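Q: Quick one: this structure, given as structure tokens, is what I'll be asking you about.
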Amino acid sequence: MHLSRSLRAALAGTVAAAVLPLAASAHAAGGKETPSSGAANTTKRPKSLVIGIDGATFATFDKAKMPRVKGLMASGMTATSNLYAYPMAPTSSGPGWSSVATGAWPDKHKVVDNSFTGARHDLYPDYLTRLETADPALDTAVVGTWSPIRDTVFGPRVDTRLGGVSDADTTSTAVSLLKTTDADAVFVHLDEVDGAGHYYGTEHRAYREALGTADGQVGRMLDAIASRATHADENWQIVVTADHGHAPGGGHGGNTPGERQTFVIAKGSGFEPGSVRHDVKVTDIAPTALAHLGVAPDPSWQLDGKPVGALAPDAFDVLRPLLNSRVDELALPSALKGWTTAAPDGWTVDNSAMPAGGVTEWRGWSFATDEFWSNTDLGQARETNVRARDVFAVADSDEWDDKSHGAGQFDSTLSSPALAVTGGGTATVSYATHYKVDGPQTGDVHVSFDNGPRQLLRSYRTDHNAFEKLTVAVPAGATTARLHFHYTGTNSAFWTIDQVGLTS
């Protein structure tokens with residue numbers, strides 16, 4: 001048996017986490033007579049269950065017996081993505097679960113380890129707290145084996161906060177709650193897969209068996225929902241996820257692919273059976289649950305995540321089928337496809353000022369996936385490019401410089417197609433960006449109207465990792481605008497751009 005952190009602490013002589021008393025259900029059994037003020041206007045009442053399996057490494061699922069989780073994948077959506085790593089935060093439980101619960105990355109919620117020191121729960125509360133704020137009549141609950149889940153990650157406004165010293169205990173509590181109460185939104189945390197990862201590593205049979213045990217516990221919760229007398233009148237959204245993975249030899253906190261990879265498996269209305277997506281991240285879970293319960297995420301919250309239903313491919317994502325395997329980046333797996341220098345339709349890359357040579361993959365602006373680009377050279381902050389989704393544009397003077405090239409610096413410009421604008425008003429330019437400095441480099445954004453002269457819109461000279469929204473005046477009579485991203489660097493760092501948009 002693989003012990004939870006709580007039970008391991010108890011056996012070591014420490015005081016086990018106290019199980020909080022069950023709060024009275026906010027609704028009588030059988031449900032509300034009318035939908036809450038924040039509920040979706042549907043004939044079926046929306047319900048949400050998010051199950052977090054601590055330390056579950058998605059790459060190991062194929063080797064484990066997990067029929068219930070794989071059944072969810074077949075009947076819903078599966079999306080894998082990568083977490084941050086140092087210097088944003090280690091791949092630890094505190095930052096991981098806080099990102100899931102808040103819909104923001106660690107540079108916003110400020111949870112950077114398991115001490116939770118400096119956490120900004122006032123600015124970025126968990127999604128159950130946001131549900132309670134929007135509609136106190138909603139019944140919310142969290143059941144967690146690891147005590148900080150119920151005591152810290154989720155706040156005191158949550159109606160019911162429960163836990164136990166083992167996943168078996170947690171599962172039984174969650175099953176009872178799902179069967180006998182009218183909870184609208186429930187988060188359940190299972191801990192013992194993480195313990196197996198620490199003791200054995202992901203390649204050991206014991207780790208696969210721990211995944212199988214967690215799968216059975218997930219199945220019990222799914223069966224509890226299906227057995228509800230009111231199930232036919234309910235619209236359940238089910239999500240399964242993890243806070244981080246593990247290294248093959250055991251442990252986490254670092255920046256290897258096994259530690260950083262996580263996943264979102266979701267079933268319910270809006271999730272196509274058997275679908276696979278590359279643009280969904282764990283920070284999308286909170287806003288997706290909020291939207292399902294009828295609470296639209298407010299832009300003023302400045303969340304990094306979005307409801308999955310609001311995500312749409314951008315111009316760079318269409319390049320995924322055209323991505324190439326390695327040429328000069330020999331440290332990457334030979335079968336991994338993740339880069340191209342061919343721009344999407346309407347976009348152009350001007351490399352006329354680039355010296356000849358250098359690393360092929362990064363000669364001028366390229367288009368890449370995180371799996372490919374961030375693993376070219378670990379520990380240089382590529383892992384913190386968390387706001388890009390799927391395929392993104394990258395200018396990387398550091399990696400390009402790793403192979404001999406002609407005299408001169410990296411110098412390349414990425415230009416958008418002509419975008420429609422209305423003359424005489426203003427336009428909003430938006431994009432996700434990560435600009436990292438490690439030597440001489442420049443990054444400038446220009447705009448040109450009707451193919452006229454370029455005007456400076458934004459300059460980057462210091463580290464910047466954000467989703468930008470810039471306002472620009474549109475000249476009278478103008479009908480089109482082009483955006484130009486000009487990067488130079490001398491063995492410095494990089495600049496990424498994604499999700500470029502212009503509204504007028």
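What follows is calculated from the coordinates using simple rules that are stated; it is not laboratory data. Here the structure is a predicted model, which is why all the values come from computation and not from measurement. Backbone-built Cβ (ideal geometry, glycine too); neighbour counts: all protein chains shown.
Q: Roughly how far apart, in whole Å, are the Cα centres of the stretch 398-466 and the stretch 288-367?
A: When both Cα centres are located, 16 Å separates them.
Q: Describe numerically, in nm with one decimal, the distance between label points set 7 Å from Cα along Cα→Cβ at Lys337 and at Thr117.
A: 4.8
Q: Assign unit charges at the C-beta atoms only (+1 for Lys and Arg, -1 for Asp and Glu), then state the dipole size of the chain relative to its Cα centre in Debye, rounded to the nearest 20.
A: Values: 41 positive and 56 negative charges, 155 e Å.
Roughly 740 debye for the chain.
Q: In addition: Would the stretch 45-298 count as rounded, prolate or oblate if I go by the C-alpha gyration tensor, calling it rounded below 1.5 in a/c and otherwise prolate when a/b exceeds b/c, oblate otherwise? Let's see the in-between values first.
A: Numbers: a/c = 1.45, a/b = 1.15, b/c = 1.26.
Note, shape of the stretch 45-298 comes out rounded.
Q: Rank-order 75-84, 202-211 by packing density, defined as the average count of other C-beta atoms within 10 Å over each peptide's residues, highest first. Kindly include the intermediate steps, with their values, before the conclusion.
A: Details: 75-84: 22.2, 202-211: 19.7.
Listed from highest to lowest mean packing, they are 75-84, 202-211.
Q: Just check the stretch 317-503 against the gyration tensor rule for me: Cα atoms, a ≥ b ≥ c as the square roots of the eigenvalues, rounded for a/c under 1.5, and otherwise prolate or oblate depending on whether a/b exceeds b/c.
A: Verdict is prolate for the stretch 317-503.
Q: Report, in degrees rounded to the nearest 10, the 0 to 90 angle that the Cα long axis of helix 205-226 makes with the longest principal axis of the chain.
A: 70
Q: What's the ranking of 119-127, 390-398, 162-170 by average number of surrounding C-beta atoms within 10 Å, highest first?
A: On the way: 119-127: 19.3, 390-398: 26.2, 162-170: 22.7.
Order by mean packing, descending: 390-398, 162-170, 119-127.
Q: The list [x] 85, 57, 46; [y] 100, 65, 56; [z] 68, 53, 40 gives values of Cα extents along the principal axes in Å, and only one came from this structure; which label was calculated from it?
A: Computing Cα extents along the principal axes in Å and matching it to [x] 85, 57, 46; [y] 100, 65, 56; [z] 68, 53, 40 gives [z].
Q: Charges on Cβ only, +1 for Lys and Arg, -1 for Asp and Glu, centred on the Cα centroid of the chain; of Val193, Thr173, Thr57, which one is farthest towards the dipole's positive end?
A: Thr173
Q: Taking the highest mean first, how do the peptides 417-423, 240-246 order by number of other beta carbon atoms within 10 angstrom per residue?
A: Details: 417-423: 15.4, 240-246: 27.6.
Order by mean packing, descending: 240-246, 417-423.
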